[in-house]
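Values in this text are rule-based calculations from the coordinates and carry no lab data. What you are looking at is a predicted structure, and each value in this text was computed from that prediction instead of being measured. Neighbour counts are summed over all protein chains in view; Cβ atoms, including those assigned to glycine, are modelled from backbone coordinates with ideal geometry.
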Amino acid sequence: MQIINNLLNFKKITSNTVITIGNFDGMHLGHQNLIHKLNLIKTKNKFKTVVILFTPHPVEFLGTAKPIFFRINSVEEKIDFLKKYKIDFIVLIKFNHFFASLKPNDFINIFLIKKLNMKCLIVGDDFHFGFRRSGNLTLLKNKAKKNNFKILTENSIIRDNIRISSTKIRELIIQGDLKKAENFLGHPFTISGKVEHGIQKGRKIGFPTANVNLHSSLQIINGVYAVKIFIFDCKKKFFGIANIGICPTFKKKNIKLEVHIPDIFINLYEKKIKVIFIKKIRKEKKFNSINDLIIQIKKDVNLAKKIFLSYTL
């Protein structure tokens, strides 16, 4: 798999390609359908596969994100997911003023056709692109006839009479309905990252934590969760509890993911971990004293252990 970080300076893919484009936030069942179709076309036509991702998310750059917006996946998590599908090329487009103002025809001609040698484009049934989202399926189909490429569309997936979308999944995660979010994602909601040194407040009160820095948009899902922790180095999973937030009792400022593994001490500094969210226990809150916090954490751990009894590693 080759990652193209600068499409402007990239010369050209010489092989014929089949392409899909999107933010792929969450890599949910609808996204997986697109990727599966991508590989079917690859096998049938001996094309190379290309997935185009935007970073940051256009709504973040344009300032049009809704109040409930947060990124379900980091770019690194999306790349890890796509590796499993053996995608040939991942194009990371840095969404900026240039791409925000790019007309749909120019995006197709300059990038999709000339640089990426596109012979087939697969998109969702609600796909829009280009300046002010003015590009649509009608425009694409007209361009396809004139430029010798095919357009294929995948219908949205409906489950429980709800259209699966990243927006809907964000709503479910915020509401704490992690089980339904998992049903729409096709996998649990997870956060991955490298464990960093903290101020060791958790260790001093008897609950050592592994700390992972988070992007600020995840503040919206602050709270305490029952989780599984996957450690990449040893490829082992453990049950634990996690807190997303700023730890207001200790007056921290930066949002972090803090993970505690009960009854076991493991040195996780500098290790990459994946936190798999099982169930939300409560919202983050500020306590009047450290002792009140300790009492609540003990309750959280006991509740998490009860939740764990219905899960297997």
For the pair Lys204 and Arg159, what calculated FRET efficiency results from E = 1/(1 + (r/R0)^6), where r is the Cβ-Cβ distance and R0 = 51 Å, to the nearest 0.05? 0.65
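Which loop trypsin sites (Lys or Arg not before Pro) in region 5-101, with loop taken from DSSP, have no more than 12 other Cβ atoms within 10 angstrom of their Cβ? Please list the in-between numbers first.
Numbers: sites: Lys11, Lys12, Lys37, Lys42, Lys44, Lys46, Lys48, Arg71, Lys78, Lys83, Lys84, Lys86, Lys94; in loops: Lys11, Lys12, Lys46, Arg71, Lys84, Lys86.
Hits after loop and neighbour filter: Lys11, Lys12, Lys46, Lys84, Lys86.
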Between Glu171 and Arg282, what is the label-point separation in nm under the 7 Å Cα-to-beta-carbon projection? 2.9 nm
Which of the three applies to region 2-163, rounded, prolate or oblate, going by the alpha-carbon gyration tensor with a ≥ b ≥ c and a/c under 1.5 meaning rounded? rounded
Helix 166-175 vs. the chain, principal-axis angle (Cα, 0 to 90°, nearest 10): 10 degrees
Whole-angstrom gap from region 33-62 to region 177-193, using each part's C-alpha centre: 21 Å
For Gly223, net neighbour charge (Lys/Arg +1, Asp/Glu -1) across residues whose Cβ lies under 12 Å away: +2
Grab the Cα-Cα distance for Asn291 and Ile266, subtract it from 0.36 nm times how many residues apart they are, and report the gain in nm with one decimal. 6.5 nm
Could you work out how far apart the two model spin labels at Lys236 and Phe250 are, taking each label as a point 7 Å from the Cα in the direction of the beta carbon, and quote it in nm? 2.4 nm
Low-density loop cleavage sites - trypsin sites (Lys or Arg not before Pro) in region 218-248, where at most 10 other Cβ are within 10 Å (DSSP): Lys235
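Measure up Lys12/Lys48; Lys103/Lys143; Lys37/Lys141; Lys42/Lys235; Lys37/Lys235 against 21 Å on the Cα-Cα distance and list the ones that go over.
Numbers: Lys12/Lys48 13 Å; Lys103/Lys143 13 Å; Lys37/Lys141 18 Å; Lys42/Lys235 32 Å; Lys37/Lys235 31 Å.
Table pairs above 21 Å Cα-Cα are Lys42/Lys235; Lys37/Lys235.
With a cut-off of at most 13 other beta carbons within 10 Å, and DSSP calling the residue loop, which GluC sites (Glu not before Pro) in region 218-313 qualify? Please list them.
Glu270
Given 0.36 nm per residue, what is the gain on full extension from Lys46 to Asn183 after removing their alpha carbon distance, in nm?
Working: separation 137, 0.36 × 137 = 49.32 nm, distance 3.30 nm.
Result for the pair: 46.0 nm of gain on full extension.
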Scan around Ser156 for amide H atoms under 5 Å from its own, H built in the peptide plane at 1.01 Å from N, and keep only partners 5 or more places away or cross-chain. Asp125
Under 15 Å, Cβ to Cβ, from Ile158 - net charge with Lys/Arg +1 and Asp/Glu -1: 0
